[in-house]
Amino acid sequence: MKIIIDDAKGSFDIGSFDNGDTTTTNLYVGNLNPLVTEDLLCREFGAHGAIASVKIMWPRTDEEKERNRNCGFVSFMQRGPAQNAILALDGKELLGNAIKVGWGKPVPLPPQPIYGFFFDLILFDFI
């Protein structure tokens, strides 16, 4: 079952890992080409805001490997950039696969981002 949210920034699907928490900044990313790396996800999603964490769920069983697609999670430091990333990247082709992006369950956020334009601005301000 798909649930569509309609707000001021447009309509978007709630991800399959969404538990209804309206404060989550964590995104589920599905249908990933097996060649997609965490670095590539940082670059694609980091264009929308500061990234707190990135995790690809690598296949463990032969059955999972045969599917020839992975999934993962990208967590933002703030919700607004996460919402913008959903709107911009859901359905985007990445290494030949149209990725699926939706809300995931909340995860703890680190004190500082690991990647993103905000992180880059902080670094340049202190150099």
Q: Taking the options GLU66, GLU44, name whichever one is of a type in the set (Asp, Glu) and in contact (Cβ under 8 Å) with a residue 40 or more places away in the chain.
A: GLU44
Q: Select from region 56-89 the residues that are outside any helix (DSSP H, G or I) and in contact with an Asp or Glu (Cβ under 7 Å, 6 or more places away or on another chain) and list them in ascending order.
A: ILE56
Q. For the subset of region 1-42 comprising residues that are assigned to a loop (DSSP other than H, G, I, E, B) and at pLDDT below 50, which member is farthest from LEU89 (Cα to Cα)?
A. MET1
**Q.** Contacts under 6 angstrom Cβ, first residue in region 24-40 being in contact (Cβ under 8 Å) with a residue 12 or more places away in the chain and at positive phi, partner of a type outside the set (Lys, Arg) and crowded, with 16+ Cβ neighbours inside 10 Å, 6 or more apart
**A.** ASN31/ASN97; ASN31/ILE99
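The values are calculated or read from the model by the stated rules, or taken from the named source; none is laboratory data. Just so it is clear, the model here is predicted, and its values are computed rather than measured. Every residue, glycine as well, gets a Cβ built from its backbone with ideal geometry; the counts of neighbours run over all protein chains shown.
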